[in-house]
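The values are calculated or read from the model by the stated rules, or taken from the named source; none is laboratory data. Values in this document were obtained by computation on a predicted structure and should not be read as measured data. For neighbour counting, all protein chains shown are included, and Cβ atoms are generated from backbone atoms with ideal geometry for every residue, glycine included. These area figures cover heavy atoms from the full protein model, side chains too; ligands, DNA and RNA do not enter into them. Shrake-Rupley method; radii C 1.70, N 1.55, O 1.52, S 1.80 Å.
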Amino acid sequence: MTRKTHIVGNWKMNQKTKDINSFFSELDGSAPQFTCNAWIAPQAMHIPLAIELGEKHDIKIGAQNCSEKESGAFTGENSPASLKDIGAEFSLIGHSERRSIFNEGDELLNQKTITALNNGLTVIFCVGETLEERESDKTEEVVKLQMQEGLKNLPTDKLNKVIIAYEPVWAIGTGKTASAEQASDVHKFIRDKVAASLNFNPNELIILYGGSVKPSNVDELLEKPDIDGALVGGASLKAADFSKLCLAGSK
Ligand code: PGA
């Protein structure tokens, strides 16, 4: 089966209402036809606006994070059930900024993944090694453990709602992209050596690369058969760049 290319924008804690309006009017102006899956994760409060403005381009909107709980006395959290209720289709889980800045560990990320899946969200589960781990040759070990711990005991009928994003921490927001070979090697490792042990169908598992993806390097990354798309931070904030990335993903 062919895995559809996904270009997913992670807007992080950026964009105000006026920026979001300008982003989509710029996209409207260039009227690109994307055949890839074009997705964006704005800040949670902007999800309804992004859904409304993105509909014309068939852009699906999701969250950058969600609670491991469905509801209750958890002040300040975003429930996956409520995210789904307002129209979010997916959530990132385990982004390296959540892991390192907010100390989210494997067990919590596992609970978040299960609750998100049980509430109908697709999960983009992020994994990746630090520079120190890569330099001490631990990339495969780290990625495997993050997947084994974060993706255990998932509801078996929802495994097709999990997407993996391989994002080497040293390449995020640094301008240093992993070479297409480096990225592809890890994607191949995930597909061939880890996926089946977690009951995923290796041929169907969608694996995105993330870390300083931009229009100038997206083609060589997407040429690799095991790279099914990109999770993009900085370059997804500009409509012109996002549009180029989505056009590259639509080839
Ligand atoms: P970047 O971010 O594209 O700005 O490196 C990627 C990410 O954090 O998902």
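General observations
- Conditions (1) within 13 Å of residue 140 (Cβ to Cβ); (2) touching a residue at least 24 places away in the same chain (Cβ under 8 Å); (3) more than 16 Å from the chain's Cα centre (by Cα); number of the one not met by residue 190: (3)
- The residue of the stretch 228-251 that is nearest to residue 90 (Cα to Cα), among those that are among the aliphatic types (A, V, I, L, M) and open to solvent by less than 10 Å² (accessible area, probe 1.4 Å), is 231.
- All conditions but one from (1) touching a Leu at 6+ places or on another chain (Cβ under 8 Å); (2) closer than 21 Å to residue 146 by Cβ apply to residue 204; the one that does not is (1).
- Residue count for the stretch 210-251, restricted to those that are part of a helix (DSSP H, G or I) and under 24 Å from residue 46 (Cα atoms): 11.
- Pairs meeting the criteria (first residue in the stretch 164-175 and farther than 19 Å from residue 228 by Cα and part of a loop (DSSP other than H, G, I, E, B), second residue open to solvent by 30 Å² or more (accessible area, probe 1.4 Å) and at pLDDT 90 or above, beta carbons under 7 Å, at least 6 apart or on different chains) are 173/234.
- Qualifying residue in the stretch 51-61 (condition: open to solvent by 50 Å² or more (accessible area, probe 1.4 Å) and farther than 18 Å from residue 85 by Cα): yes
To keep it simple, each residue is scored yes or no on (1) touching an Asp or Glu at 6+ places or on another chain (Cβ under 9 Å); (2) within 16 Å of the ligand (Cβ to nearest atom); (3) closer than 15 Å to residue 37 by Cα.
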residue: 183; (1), (2), (3): yes, yes, no
residue: 192; (1), (2), (3): yes, no, no
residue: 204; (1), (2), (3): no, no, no
residue: 209; (1), (2), (3): yes, yes, yes
residue: 223; (1), (2), (3): no, no, no
residue: 234; (1), (2), (3): yes, yes, no
residue: 249; (1), (2), (3): no, yes, yes
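- Subset of the stretch 121-180 that is open to solvent by 20 Å² or more (accessible area, probe 1.4 Å) and of a type in the set (Asp, Glu) - its residue that is farthest from the ligand (Cβ to nearest atom): 157
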